[in-house]
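Notes for the one structure printed next.
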Amino acid sequence: MNMAGPPVGQGRVIGLSGSALDRLMPMHLWIGASGLVVRAGPTLARMAGDGLCGQPLERVIALRHPARAATLDLMLRLQGTPLKLNLTAAPDMPLKGMVVALPAGSGAFLNLSPGLSLVEAVNRFDLTLQDFAATDLAVELLWLVEAKSAVTTELKRLANRLNGARASAEARAATDTLTNVANRRGLEAMLTRQAASGRPFAVMQVDLDHFKAINDTHGHAAGDALLQEAAAILRGQCRRRDGVGRIGGDEFVLVFDDLVDPRVLHRIGQRLIERLEQPIEVNGQTCRISASIGVALSTGPAPTDPVRLLHEADRALYESKRAGRGRVTIAAPG
Amino acid sequence: MHGLINRALQDFLRDAHGREAWAAIAGAADVDVRGFEAMLTYPDALTEAVLDAASAHLHTPRAMILEDLGTYLVSDPSMEALRRLLRFGGANFMEFLYSLDHLPDRARLAVPDLDLPDLTLTEDGRQSYTLHCRDAWAGFCPILQGILRAMADDYGVLVMLDITGLEGPRTAIRIRLLDMRFARGRDFSLKGAAAP
């Protein structure tokens with residue numbers, strides 16, 4: 001930098017007309033030597049209300065930090081410090097400011113900015129493009145706020161659509177496409193949730209008897225229709241809070257939430273068997289099946305491991321089959 | 001091509017010509033009928049395919065479809081957010097025209113991967129200007145022409161617009177201001193930003 005020659009502007013002052021001040025700093029306050037407001041910029045006047053001129057400074061603004069009355073004396077001592085303050089007309093709207101002394105003790109000059117209160121100020125006082133200096137980044141900031149809001153809205157929509165797609169993909173992955181009840185994966189998730197809930201629960205394994213024979217004589221299509229019918233029957237005999245899953249060809253599992261009374265479960269099992277034993281019409285042919293059932297309980301306080309529980313239910317089911325099918329066995333609490 | 005442009009085209013075709021038209025165009029262009037996500041980017045060929053299919057289905061030249069798209073972007077109520085963002089450019093139509101120099105920069109502030117072509121406004125004479133679009137995608141200038149036409153309405157100004165050099169690398173829009181106070185124009189206030 002060339003430092004030769006007299007420094008330009010040093011020791012000299014410039015005079016600016018009121019309209020020049022308004023254009024450059026539409027939120028200025030000029031305070032006279034007596035501490036009264038001499039002039040206020042048009043945007044500030046809009047925010048603080050008319051009749052600012054002649055008022056003592058401490059009645060127009062309130063300092064937030066330091067929280068003391070904004071006397072001329074104090075303001076002059078705060079020269080060069082970033083100020084936090086508000087208009088007494090808008091106490092809930094923090095503003096930023098900077099004060100400088102005027103020459104020869106003739107008062108002080110304060111310039112204000114809405115800072116982060118910008119959006120609030122624009123809305124409350126209906127400020128326009130002309131209320132900001134052309135050099136002020138306020139309008140760019142407002143633009144950015146609106147652009148960001150539009151982009152965020154679009155991103156939220158995208159996230160919601162993806163979330164919906166994920167949820168339906170997850171539901172499909174956990175559902176048996178033939179019978180619309182849970183598949184093995186869905187059942188495992190159900191059992192994990194049930195064990196985590198801390199409530200006692202029962203696992204009922206249902207094996208359709210004579211299903212293979214029907215599949216062999218009437219064909220796979222008839223077998224599929226029969227499975228759909230059986231799944232609907234099982235679903236219909238459960239409460240909303242219970243779960244139904246299909247874990248193999250003709251094997252279903254029911255999960256009963258907060259129900260571990262062996263007599264009640266036995267009755268439910270019997271009812272299921274009776275219901276399944278009623279003749280089922282499949283493709284114009286009458287089919288008769290039955291079911292064998294094994295039940296295992298998780299009575300707590302600590303939940304039984306779902307894998308072990310399924311194993312116990314399976315053993316009880318085997319008991320039912322060995323004892324002649326079409327019956328219910330409750331596993332002895334292990 | 002950025003999803004915002006693809007999505008705008010899709011919304012315009014759907015709103016202006018109906019869901020069936022969009023479904024037929026999407027089918028012909030081999031695009032999923034659910035269409036484009038505004039915040040993703042797609043191969044340029046997809047945009048071209050949609051435009052070709054739309055031109056064939058609607059029996060309308062591409063440039064005309066694109067100009068209508070530009071008008072739709074400013075004047076359709078569902079695009080109010082975009083109209084507001086453009087109105088931030090200036091308090092009057094002249095300030096708005098000069099703000100177009102910064103349009104690509106402004107767009108990048110909000111959507112960093114949205115590439116708009118460089119725009120330069122030159123003054124040709126009294127009330128006559130030329131907006132030069134350099135290295136723009138050929139579809140850009142007709143859209144901009146539609147936007148300018150609708151923004152002139154928005155400010156209540158009467159203009160005449162012509163595109164020159166549409167097929168070449170130096171496309172430009174000639175703007176002749178006929179009446180700066182032709183109509184009252186639409187209201188714009190800084191407050192009342194669209195709620196998120």
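Bear in mind these aren't lab numbers, they're just calculated from the coordinates by the rules spelled out. What you see is a predicted model, and the numbers here were worked out from it, not measured in a lab. With ideal geometry, Cβ positions are generated from the backbone for all residues, glycine too; neighbour counts draw on all protein chains shown.
Using +1 on the beta carbon of Lys and Arg, -1 on that of Asp and Glu, and nothing else charged, what's the dipole of the range B:143-196 about the Cα centre, debye to 20? Please report the intermediate quantities before stating the final value.
Values: 8 positive and 6 negative charges, 29 e Å.
Dipole of the range B:143-196, to the nearest 20 debye: 140 debye.
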message: Please list, in order along the range A:173-184, the HN-Hα scalar couplings obtained from phi with the Karplus expression 6.51 cos²θ - 1.76 cosθ + 1.60 (θ = phi - 60°), rounded to whole Hz, x for Gly and Pro.
response: 5, 9, 10, 7, 5, 6, 9, 6, 9, 5, 8, 4
- request: Name the lysines eligible as straight-distance cross-link partners of residue A:156: C-alpha to C-alpha under 17 Å, and not fewer than 8 places from it in the same chain.
  value: A:148
task: Evaluate E = 1/(1 + (r/R0)^6) for residue A:169 and residue B:130, where r is the Cβ-Cβ distance and R0 equals 60 Å; express this FRET efficiency to the nearest 0.05.
output: 0.70
message: I want to check the label-to-label distance for residue A:19 and residue B:95. Put each point 7 Å from Cα in the C-beta direction and report it in nm to one decimal.
response: 1.7 nm
query: By how many degrees, 0 to 90 and rounded to 10, does the Cα axis of helix A:220-236 deviate from the longest principal axis of chain A?
result: 70 degrees
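Below 8 Å between Cα atoms, with a sequence gap of 6+, how large is the relative contact order for the range A:19-117 in percent?
Working: 202 pairs, mean separation 26.0, N = 99.
With pairs under 8 Å counted, the relative contact order is 26 percent.
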task: May I ask you to sort A:53, B:141, B:133, A:287 by Cβ crowding, counting other Cβ atoms within 10 Å and putting the fewest first?
output: A:53, A:287, B:133, B:141
- prompt: With each pseudo-label sitting 7 Å past Cα toward Cβ, what's the residue A:210-residue A:180 distance in nm, one decimal?
  reply: 2.7 nm
- prompt: If you place +1 on the Cβ of every Lys and Arg, -1 on the Cβ of every Asp and Glu, and leave all else neutral, what size is the dipole of the range B:46-196 about its Cα centre, to the nearest 20 Debye?
  reply: 500 debye
message: I'm a student and want to see the number: the projected area of the Cα convex hull of the range A:94-219, averaged over all directions, in nm².
response: 18.0 nm²
field: Loop-located trypsin sites (Lys or Arg not before Pro) in the range B:1-74, at most 15 other Cβ atoms within 10 Å (DSSP)
entry: B:34
- prompt: Setting aside same-chain residues fewer than 8 positions from residue A:84, which lysines have a Cα under 22 Å from its Cα?
  reply: A:96
message: Between residue A:220 and residue B:170, what's the calculated FRET efficiency when r is the beta-carbon distance and R0 is 56 Å? Round to 0.05.
response: 0.20
- prompt: ³J(HN,Hα) across the range B:70-87 via Karplus (A = 6.51, B = -1.76, C = 1.60, θ = phi - 60°), whole Hz, x for Gly/Pro?
  reply: x, 5, 4, 4, 9, 9, 6, x, 6, 9, 3, 4, 5, 4, 4, 4, 6, 5
Cα gyration tensor shape of the protein assembly as shown, rounded if a/c is under 1.5, else prolate or oblate by comparing a/b with b/c: oblate
query: In percent, how large is the relative contact order of the range B:73-179, given Cα pairs closer than 8 Å and 6 or more residues apart?
result: 22 percent
- prompt: Given charges of +1 on the Cβ of Lys and Arg and -1 on the Cβ of Asp and Glu, with all other atoms neutral, how large is the dipole of the protein assembly as shown about its Cα centre, in debye to the nearest 20?
  reply: 1700 debye
query: Rounded to the nearest 0.05, what FRET efficiency do residue A:281 and residue B:102 have when you use their Cβ-Cβ distance and R0 = 60 Å?
result: 0.20
message: To check my understanding: the extent here is largest minus smallest coordinate of the Cα atoms along each principal axis. What are those three numbers for the range B:73-179, in Å, largest first?
response: 34, 32, 20
Lysines with Cα under 26 Å of residue A:321, excluding same-chain neighbours fewer than 8 positions away: A:212
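Other chains' Cβ within 10 Å of A:150-160 residues: what's the mean?
Mean partner-chain Cβ count within 10 Å for A:150-160: 4.
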- request: Hey, for a label at residue A:140 modelled as a point 7 Å past Cα toward Cβ, could you say which residues of the range B:66-104 have their backbone N under 19 Å away?
  value: B:85-91, B:95-104
